[in-house]
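Visitor: One structure, pasted below without further comment.
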């Protein structure tokens, strides 16, 4: 019975929402696509059927680090799991294959490149393969946020293993991506389970770029001694941002594809192994499959490429279900660069059209005057009827003031027309405010009737108005040129007085360190001081064990398990067996160690 495996092996009393249905479908040999929010337990959906079916389950995973962590976690739970990958020497890989071919392995983790070699496929065809699981399945679709050509070869699996059920798992797939995966992988025949996209523990916020370094530092300093990820658009910016944070006393480590593999692995290991205080500053090269549960914040210093990419990247925060923050800093230049990236892509016209539409959706999200969570969920096909909002985004916490900007917008549009619809926002704002610059004088723009007509509005407000006019489709950015602005048909109608325009007043926070909200406390409020003291001792022991075994601390026990120990204070193995996350193997291997910590703490 699946429930017995859930309790005896993994130590959980109940399935989370959506898990049981997927397990039942796979046990009935049905091809299945599973879309679940990050941190909701996708892996158990195939691990439990793998153990019940017997034989060999192949798990396709995109990253070596993820494979190693999952195998280590399964082995600690007493499950015969293995991986063959490029980080291991030949002898280790040969030994792993021998165990699999001898029938000693239940789950074998492989990268798609290794699985889809003719030699590996031929060898596997001789073994009792009973299930194939494809993790991060959005990589298979060209409409997903992280398409990988090597994943596309996996479409052959249905024909190569015609009697084996396939399960594709992802947290990031809108309707078109789901359809694409089902069509390619299952030939259109398969069950689709969507458990929702909401991550209510993540507080969402977006801010216009005013003083990027100060804004970033405020986010990071609000989470001192906690783990976080800072995303940057380029390798150079990654290095500079990491150096800046280090100069401010933050333990920040860079991660990007331009670094040596050794240095990347060293920094990733430090991030994964340490329980607090390490901030990774990275390009999107970092993160897919990162399963660290206690990431307290993700901060984008530049706009991501799409809503899907954004959702995937913020999904690395708060996997333990505790409060976390996703913050984005962006400006008009981000929009221009993202448009440029799309236009320079090698894809066909239809692909570029889709990508522009996806970027439009992200811009709308950034400029939304209403609940961000509702806007995000609506994109993924989960509209909310609750008009009161989520209560955990910047819009809900600090509702914006909406201002009638029709007259101001018309002044700007007039300046754009009179200067030839060629110039970018900086010059246009200078003309509006009556600045005395060489560029204005040489172009004769100081003699225009519109020169200085917007002097009563400050630069930041003009930037906000321009950004929101672009987002709302009144203005078009010259992507290939230097960010020149021109009127769209909608913008011309606004200039003619046939439309009105309201803009959201940006809230510019004063400089100074943000205070941490009480809800972001790392330790549970229901623990007494003595229990918190015990929890600290339990965490120290976990860190000691994780270093000795060279695995991340959460693989030994999750924070929730340690909190349960601190709360229940088990005195014997029978009581320890009731702790969340304690299965038979962990009871055997760790009960004595952690019971001793509890006993010592009670005696003190």
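Visitor: Highest first, please rank the peptides 259-265, 220-226, 39-45 by the mean number of other Cβ atoms sitting within 10 Å of their residues.
Guide: Per-residue Cβ counts within 10 Å, averaged per peptide and sorted highest first, yield 39-45, 220-226, 259-265.
Visitor: Fewest to most neighbouring Cβ within 10 Å: what's the order for 339, 199, 571?
Guide: 571, 339, 199
Visitor: Continuing with this model, one more query. Here are some values of semi-axes √(5λ) of the Cα gyration tensor in Å: [x] 55, 32, 22; [y] 67, 34, 23; [z] 48, 29, 21. Which one was computed from this structure?
Guide: Answer label, from the structure shown: [z].
Visitor: As a test of understanding, state the convex hull volume per residue of the stretch 402-504 from its alpha carbons, in Å³.
Guide: 91 Å³
Visitor: Based on alpha-carbon centroids, what's the gap between the stretch 254-331 and the stretch 392-417 in Å, whole number please?
Guide: The stretch 254-331 and the stretch 392-417 have Cα centres spaced 32 Å from each other.
Visitor: Can I ask one more? Under 20 Å from a label point 7 Å along Cα→Cβ of residue 21: give me every residue in the stretch 176-202 with its amide N that close.
Guide: 176-183, 186, 188-200
Visitor: While we're here: Relative to the longest principal Cα axis of the chain, at what angle does helix 584-603 sit, 0 to 90 degrees, rounded to 10?
Guide: The two axes meet at around 80 degrees.
Visitor: Per the helix-only calculation at 222 nm, which mean residue ellipticity applies to the chain, given -39500 (n - 2.57) for every DSSP H run of n ≥ 4 and division by its residues, nearest 500 deg cm²/dmol?
Guide: -13500 deg cm²/dmol
Visitor: On a 0 to 90 degree scale, rounded to 10, what angle separates helix 459-471 from the longest Cα axis of the chain?
Guide: Relative to the chain, helix 459-471 is tipped by roughly 70 degrees.
Visitor: Just rank 297, 286, 193, fewest to most, by other beta-carbon atoms within 10 angstrom.
Guide: Neighbour counts put them in this order, fewest first: 193, 286, 297.
Visitor: Further question: Let a ≥ b ≥ c be the square roots of the eigenvalues of the Cα gyration tensor of the stretch 91-158; is it rounded (a/c under 1.5), or, if not, prolate (a/b larger than b/c) or oblate?
Guide: Because a/c hits 1.5 or more and a/b exceeds b/c, the stretch 91-158 counts as prolate.
Visitor: Follow-up. Measure nothing fancy, just the Cα-based angle from helix 349-366's long axis to the longest principal axis of the chain, in degrees from 0 to 90, nearest 10.
Guide: 80 degrees
Visitor: Let me ask something else about it. May I have the convex hull volume per residue, in Å³, for the Cα set of the stretch 2-194?
Guide: Hull volume normalised by residue count: 107 Å³.
Visitor: Using 0.36 nm times the number of residues separating residue 403 and residue 600, minus their current alpha carbon distance, what extension gain do you get?
Guide: Gain in length upon complete extension: 64.7 nm.
Visitor: Follow-up. Determine, for each peptide in 275-281, 56-62, the mean count of other beta carbons within 10 angstrom over its residues, then list the peptides with the highest first.
Guide: Ranking the peptides 275-281, 56-62 by packing returns 56-62, 275-281.
Visitor: By counting other Cβ atoms within 10 Å of each Cβ, how are 417, 35 ranked from fewest to most?
Guide: Lowest to highest Cβ neighbour count: 417, 35.
Visitor: Rounded, prolate or oblate for the stretch 256-383? Axes are the square roots of the Cα gyration tensor eigenvalues, ordered a ≥ b ≥ c, and the cut-off for rounded is a/c under 1.5.
Guide: Taking the square roots of the gyration eigenvalues as a ≥ b ≥ c, the stretch 256-383 is oblate.
Visitor: Contour minus end-to-end for residue 460 and residue 584, with contour as 0.36 nm per residue of separation and end-to-end as the Cα-Cα distance?
Guide: Full extension from residue 460 to residue 584 adds 38.6 nm.
Since every read-out is calculated from the coordinates, none of them should be taken as a lab result. No experiment lies behind these values; they were computed from the predicted model shown. So basically every Cβ, Gly included, is an ideal-geometry build from the backbone, and we count neighbours across all protein chains shown.
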